[in-house]
Amino acid sequence: MRIASVIDISLVDVPKIPVTVIFTAGCNMDCPFCQNAEIIPLKSGTPMKIPEIVERVQGNMSDGYCITGGEPTIHRDLPDLLKALRDTGTSHINLNTQGTVPSVLKRCLPYLDSVWFDLKTVPERYAEVTRARSDPWPHVLKSMKLLLDSSVAFWPRTTYVGRWMHPEEIQRIAEFLADLGFEGGYLVQNYIRSSGTRELETEDFEEPSSDEIEQIRERLPPTISLKIEWR
Ligand code: SF4
């Protein structure tokens, strides 16, 4: 598996649990607003064997692990890493995924406690927004169903990009989640420019105001609790 970096301890990636964050390298999408664009290339990062990764992350003052990327599920040996981390006796393992590789996600489920699931957009805009080689939506849908049928905590989340997304799209995603039978929190966070974003790719975007999202709060299904997190 290729690893981009490790943060020994983070207080912000999993609510109320200090975690060690492992960034896998490589992604099968190319979202123009990506905050970690330098690790999109499949050859980015450093190849590491599972025991090496476990040795690198053990001994931190954290209570769990968060595996993010890039897209962790493009790595076929991700379930082996999760199992090895579980065998250390950790109390919580969280995965961040956009859900495009349900076959790997399914093999990960026995070792996971929670998943931040990045919903990029409404179904018909998936190919446009993610610039994936083929339309990822059928795979994303399959992954959501897998998670909703499991005991793993499903935490849907969308990054809202100013001038490129519309509040009605957030409303439609929330309605879609409710139609799938999901009940609970749906996190919408703001797009921000950072050292990880690409200047040329993002020149047409803007950091949005949370008012754009607040205006749809009253229109959401009652089973969906909108969480607006402006950073
Ligand atoms: S899925 Fe995530 S890591 Fe991959 S390109 Fe999009 S924002 Fe970046």
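Using +1 at the Cβ of each Lys and Arg and -1 at the Cβ of each Asp and Glu in the chain, identify which of 180, 161, 103 lies farthest towards the dipole's positive end.
Value: 103.
With θ set to phi - 60° and the Karplus curve 6.51 cos²θ - 1.76 cosθ + 1.60, what are the ³J(HN,Hα) couplings of the range 37-52 in order, to the nearest whole Hz, using x for Gly and Pro?
Those phi angles translate into 4, 5, 10, 5, x, 5, 9, 6, x, 10, x, 9, 7, 4, x, 5 Hz.
Which FRET efficiency value, to the nearest 0.05, is calculated for residue 86 and residue 134 with the Förster distance at 25 angstrom and r the Cβ-Cβ distance?
After rounding, the FRET efficiency stands at 0.15.
Among the lysines, which have Cα under 20 Å from the Cα of residue 16 when same-chain residues fewer than 8 positions away are ignored?
227
Full-extension gain between residue 52 and residue 76, please, as 0.36 nm times their residue separation minus the C-alpha to C-alpha distance.
That works out to 7.0 nm of additional length.
Stretched out fully, how many nm does the piece from residue 151 to residue 168 gain, at 0.36 nm a residue minus the Cα gap?
Separation in residues times 0.36 nm, less the Cα-Cα distance, equals 3.1 nm.
Full-extension gain between residue 193 and residue 63, please, as 0.36 nm times their residue separation minus the C-alpha to C-alpha distance.
43.8 nm
Take the alpha carbon atoms of the range 148-207, find their center, do the same for the range 10-61, and report the distance between the two centers in whole angstrom.
20 Å
For the range 2-229, with equal point scatterers placed on the C-alpha atoms only and solvent neglected, what are the log10 I(q)/I(0) values from the Debye formula at q = 0.08, 0.14, 0.16, 0.17 1/Å, to two decimals?
Per q value, in the given order, log10 I(q)/I(0) is -0.28, -0.90, -1.19, -1.34.
Enumerate the calculated ³J(HN,Hα) couplings along the range 194-208 in order (Karplus 6.51 cos²θ - 1.76 cosθ + 1.60, θ = phi - 60°), each rounded to whole Hz, writing x wherever the residue is Gly or Pro.
Taking θ as phi minus 60°, the curve returns 8, 5, x, 8, 9, 4, 5, 6, 10, 5, 8, 9, 9, 6, x Hz for the range 194-208.
Take peptides 93-101, 134-142, 203-211 and line them up by average Cβ neighbours within 10 Å, highest first, as a rough protection proxy.
93-101, 134-142, 203-211
Using helices alone, what [θ] at 222 nm do you get for the chain, with -39,500 (n - 2.57) per DSSP H run of 4 or more residues, divided over all residues and rounded to the nearest 500?
Using -39500 (n - 2.57) per qualifying helix, the result is -7000 deg cm²/dmol.
Quick one: which residues, 5+ away or cross-chain, put their amide H under 5 Å from the amide H of residue 226? H built at 1.01 Å from N.
Placed amide hydrogens put 186 under 5 Å from residue 226.
If you place +1 on the Cβ of every Lys and Arg and -1 on the Cβ of every Asp and Glu, how big does the dipole about the Cα centre of the chain come out, in debye to the nearest 20?
So the magnitude is around 740 debye.
What is the helix-to-structure angle for 167-179, meaning the angle in degrees between its Cα long axis and the longest Cα principal axis of the chain, kept from 0 to 90 and rounded to the nearest 10?
Result, in degrees: 60.
Throughout, read-outs are computed from the coordinates displayed, never taken from laboratory work. Since we're looking at a predicted model, the values are computed, not measured. Neighbour counts run over all protein chains shown; Cβ positions are idealised from the backbone, glycine included.
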